[in-house]
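Take a look at the structure below.
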Amino acid sequence: MQISDRFEVKKHGGFYKFFNKLMKNAYILIAPAMITCLALTIFPMCFAVYLGFHKWDPISGRKKLVWFDNFRYLFQSEDFIKVIGNTLLFMFFIVFVGLLIKLLIGIFLNKRTPLHNFTQTVIFTPHIVASVSVAIIFMGMMAPKSGLFNTVLSTFGLPTSNWYLGADSAMASVIMVSIWQSTGYGVLLIIAGLRGIPDYIYEAARLDRSKPINTFFKITIPLLSPTLLYLLITTVCSAFTSFDVIKMMTDGGPDNATNLIAYYVYQQGMMFNQYGRAMAAAVILLIFTATLSAINFFALDRKVYYQ
Amino acid sequence: MNSAYKRRKVLKLIGRIIECLLLIALIMVFILPFYWTLITSVKSMWEAVENPPTWWPREFHWENYATVWNEQNFLKYAKNSIITTFGASIIQLVSSTMAAYAFARLRFKGKKTLFFISLADIMIPAQVIFLPIFIIYSRLGILNTYLSYFLIYIYSGSTIFFLRNAFMQVPEELVEAARLDGASEFSIIFRVLLPSVKSFMITQIMLILISKWNGYFWIQVLTTNDHIRTLPLLLNSILARVEGLVIRYDLAMATNVLIMAPMLLYIIVFSIRGFVLALQCKARRIPLLGKLIIIQFDYFYTFS
Amino acid sequence: MLINLSNIKKVYPGSKDPVIEGLNLAIKEGSFTVLLGPSGCGKTTLLRMIAGLESVTGGSISLEGENITNMEPGDRNLAMVFQNYAIYPHMTVKGNIEFGLKNYQMTKQQREERIKLVMELTGLTGFENRMPNQLSGGQRQRVALARAISKSPKAFLMDEPLSNLDAKLRNQMRSELIQLYNKMGTTFIYVTHDQTEALTMATDIVVMKDGKIMQYDTPENVYSNPANVFVAQFIGDPGMDVFQTTDDQFIGFKPRALTTEPVAEGVSFDANLLTTEYLGYDYQMTFEVPGKGTLVMRNKKKMTSGEAYRLSVPLEDLYYFDRDQNRCEPFPITGLKEVFHADK
């Protein structure tokens, strides 16, 4: 045989042709996802807004347009004001304290020894475990009498606490659990961000006589800002939608101490059958998250450096 | 000169020791809760709530696992977990891959608008739309069916988004070369496109599977009986069962261990592999899942 | 002497073999010294050791008579231009320059004056408030230069600063660098693997290979008086053709010295022409010398491929190297064994 010998080309037919055609028709390909998107995301959202302006008794099935009555009710209700306050408090802690912890651990763990790698993996583990599992674990450890936490505290002679069962400590417990679970994810991103800063930038800074602290605040932090911003926004969103841990550990209690807006929507809608009020609260939640996404996508884009 | 050198060396050593201690403390903070779960799951009902708690079970009650396993509901919930995990994952993957392929590689009218709409669920959290969906489902009479659960996952904006970006990374020339070689669309997709984003796909699949296995919210709000309820919801009912004022932490923890087992096994296997690679002085990389998260993060910024 | 390197040794952590060992080099004050060599020859490592970015395993470095071997990079008063410029991407052009000046504790007024001065010098006036991602490659290069100049360093260290530019811009920046050198009169230490850059800009060239200095001389001498076979084959476009003689010595000649005309005194051999490449000014021909290997010739005359020629080199164009590949006195040529390539 010679390299210049030709061979016959077989033409495709049957299934191949059908599949080829199918794969070229974009509308068929996107149809399942897009139809579901319209039917089970966009339409329910509109429906939610619609319900927010109505009073609807699901048992009798009577529906009445009440305009802003639901919203007025919410803002006059002490419970809802408390829920908003709780959400902001929760958000503040998991965002700022959480981010600071992630940053410190991330900088500390940014080395490539086996022990550092192992620690990274261990810290990451809670992220892929179900939130309800994490909640159960901490419920066991925070149990007032038989729990690990109080045992350790009393061995060191420190005052014990009721943790998630006490009105004044429940919020702190829930915040602790949430930060514990989300640390690994953030640490991983921060390490990746740190490794993304090229060495020569640090070398240039050394030649510029920059002291390590100066380099950290003037070079590292600004260059890490995309990662930090991403973490900031995803954490704020997760604060607004936090549900699993609350449902499992406290059911919003005691005395609404840990009732966050996402849980409040669920509580009003599914437990108290107050569809109108639930959806009015959901609209407020939607305004928060949509604004955040919008900031994320459009506005902050210019303030942060990316290459 | 010599003493200064010695002093520097001593300081360095102290620094290393402090670093190691901090690392161990960190590991403790994150491993201790898992250790706690494991030992509590094999304690007796009374030892599990003893005050002060024991650090090592006095006797091993492996039968806790048998109790959980033989619980009438456990197998049903486990079956539901497996069906919903794989069913929803496959549906989400297939439909998202199809849409992502179209958005990444085909030209069609209204692509930009449709793509923007397809990102809706990034802005609309589940907590806003669950009640309307519940109402729609109850009108349709499909509450407490697998179908009702699967329907939700036909559309996942973030999956479409990430897969689309992955497909866009594959150079057009590669696909064109395959086309000139007489490859059909079928083999282009399965032999060229998907293999070149293999590691991305594998991690994406794992993340989807994990999120379905861990899923709680949708099952919680879309079910009124235990027909399709999954293992995470079993925890609720076990915790609610109080025997003579004693919460059955032993049974709850045993269930919990069974729920976490796939993920913990993955992490353990991964760590061992990491250590083996480290011993062989091979390049150590970020954990597989971690890598995906970083890729996702990169895409997030490519887009915005 | 401005910079003295004596008996330098460098071993990277985790490896056993030294990259550089027993290296001595004295860099003249006010010179434009180019460290030239193939990749992996240790030239960048050497530069980074002078800058203080790389620790020195053995030996010492002195700057103006002061031992700087273990001094912090920032205290050496040297400025470096990196291959990828290392511009702080989150600072404006002005901020990039100011960052270093602030660390030198200059007053605001001093800084402003200096920034204005270097902006004019590098032609960046008007770009003060631009962000680096709004600048072209050439402009970024200028920012890196401006940042280096602003510190009035004792010497400029440059690590392949032109390698990321396209060919046209590279030529332009090259002549600007020469002008800058003439204007400033400061010592430049410049690392490159591009011999054109080295020959055009340098006052002194240090040719390096495997962590050793092969030749340290003026560009003219490096080009026309190579000290050994490596330099002979590395410098020139293309480098010399070298034959190993039957008694294992070496003779070399520039490809332009090859001729098809018979010569009175010299070396002659038969060769088959494989390829002819047109290069504008002249042609480059690749010949196969039967049983001895391939060599190249440069000539203005076009020759047809596939034909056999008798090639000759006049005696006065021959370079002689001893068995250790170092230049030596002319010796009688016993016979040609094979074409030799130092890099193989």
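Observations on the structure shown:
- Scope the range C:298-321; condition of a type in the set (S, T, N, Q) and under 17 Å from residue C:243 (Cβ atoms); matching residues: C:312
- Qualifying residue in the range A:253-264 (condition: among the acidic types (Asp, Glu), touching a residue at least 24 places away in the same chain (Cβ under 8 Å) and part of a helix (DSSP H, G or I)): no
- Scanning the range A:70-95 for residues that are free of Cβ contacts under 8 Å to residues at least 60 places away in the same chain and either assigned to a helix (DSSP H, G or I) or surrounded by 15 or more Cβ atoms within 10 Å (Cβ to Cβ) (or both) yields A:72, A:75, A:76, A:78, A:81, A:85, A:88, A:92.
- Looking only at the range B:223-247, and only at residues there that are more than 12 Å from residue B:84 (Cα to Cα) and under 21 Å from the mean Cα position of the chain (by Cα), the one that is surrounded by the fewest Cβ atoms within 10 Å (Cβ to Cβ): B:236
- Which listed residue, of B:54, B:40, B:67, is facing chain A (nearest Cβ under 8 Å) and in contact with a helix residue (DSSP H, G or I) (Cβ under 7 Å, 6 or more places away or on another chain): B:40
- Restricting attention to the range A:96-151, the residues being surrounded by fewer than 17 Cβ atoms within 10 Å (Cβ to Cβ), farther than 18 Å from residue A:172 by Cβ and touching a residue at least 40 places away in the same chain (Cβ under 8 Å) number 2.
- Qualifying residue in the range C:110-122 (condition: touching a residue at least 12 places away in the same chain (Cβ under 8 Å), assigned by TED's automatic domain parsing to the domain that holds residue C:201 and over 32 Å from the mean Cα position of the chain (by Cα)): yes
- Conditions (1) modelled with pLDDT under 90; (2) at the interface with chain A (Cβ under 10 Å from one of its Cβ atoms); (3) more than 26 Å from the chain's Cα centre (by Cα); number of the one not met by residue C:73: (3)
- Any hit, the range C:162-169, residues being within 22 Å of residue C:128 (Cβ to Cβ) and surrounded by 19 or more Cβ atoms within 10 Å (Cβ to Cβ): no
Condition check ((1) among the charged types (D, E, K, R); (2) assigned to a helix (DSSP H, G or I); (3) more than 27 Å from the chain's Cα centre (by Cα); (4) within 7 Å of chain B (Cβ to nearest Cβ)) across all residues:
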residue: A:33; (1), (2), (3), (4): no, yes, no, yes
residue: A:39; (1), (2), (3), (4): no, yes, no, no
residue: A:50; (1), (2), (3), (4): no, yes, no, no
residue: A:60; (1), (2), (3), (4): no, no, yes, no
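- Filter result for the condition that a residue is assigned to a helix (DSSP H, G or I) and either among the hydroxyl-bearing types (Ser, Thr, Tyr) or at pLDDT below 85 (or both), over B:160, B:208, B:202, B:219: B:202
- The listed residue being in contact with a strand residue (DSSP E or B) (Cβ under 8 Å, 6 or more places away or on another chain) and away from chain C (no Cβ under 14 Å), out of A:276, A:252: A:276
- Entirely in the range C:251-321, the strands (runs of 3 or more DSSP E) that have 1 or more residues that are aliphatic (A, V, I, L, M): C:266-278, C:283-289, C:293-299, C:308-314
- For the range C:252-272, a residue qualifies if it is among the small types (Gly, Ala, Ser) and surrounded by 19 or more Cβ atoms within 10 Å (Cβ to Cβ), and the qualifying residues are C:252, C:257, C:271.
- When the criteria are applied in full, residue C:231 fails the requirement of being assigned to a strand (DSSP E or B) and either of a type in the set (Ser, Thr, Tyr) or under 30 Å from residue C:213 (Cβ atoms) (or both).
- Hey, residue C:189 within 14 Å of chain A (Cβ to nearest Cβ), over 23 Å from residue C:94 (Cα atoms) and surrounded by 23 or more Cβ atoms within 10 Å (Cβ to Cβ) or not: yes
- Restricting the range C:288-312 to residues that are of a type in the set (A, V, I, L, M, F, W, C) and under 29 Å from the mean Cα position of the chain (by Cα), the residue that is surrounded by the most Cβ atoms within 10 Å (Cβ to Cβ): C:297
- Qualifying residue in the range C:319-327 (condition: in contact with a Ser or Thr (Cβ under 9 Å, 6 or more places away or on another chain) and either farther than 19 Å from residue C:239 by Cβ or surrounded by 15 or more Cβ atoms within 10 Å (Cβ to Cβ) (or both)): no
- Residue B:241 satisfies every condition listed in (1) away from chain A (no Cβ under 11 Å); (2) modelled with pLDDT of 85 or more except (2).
The values are calculated or read from the model by the stated rules, or taken from the named source; none is laboratory data. None of these values were measured; they are calculated from a predicted model. Virtual Cβ from ideal backbone geometry, glycine too; neighbours counted across all protein chains shown.
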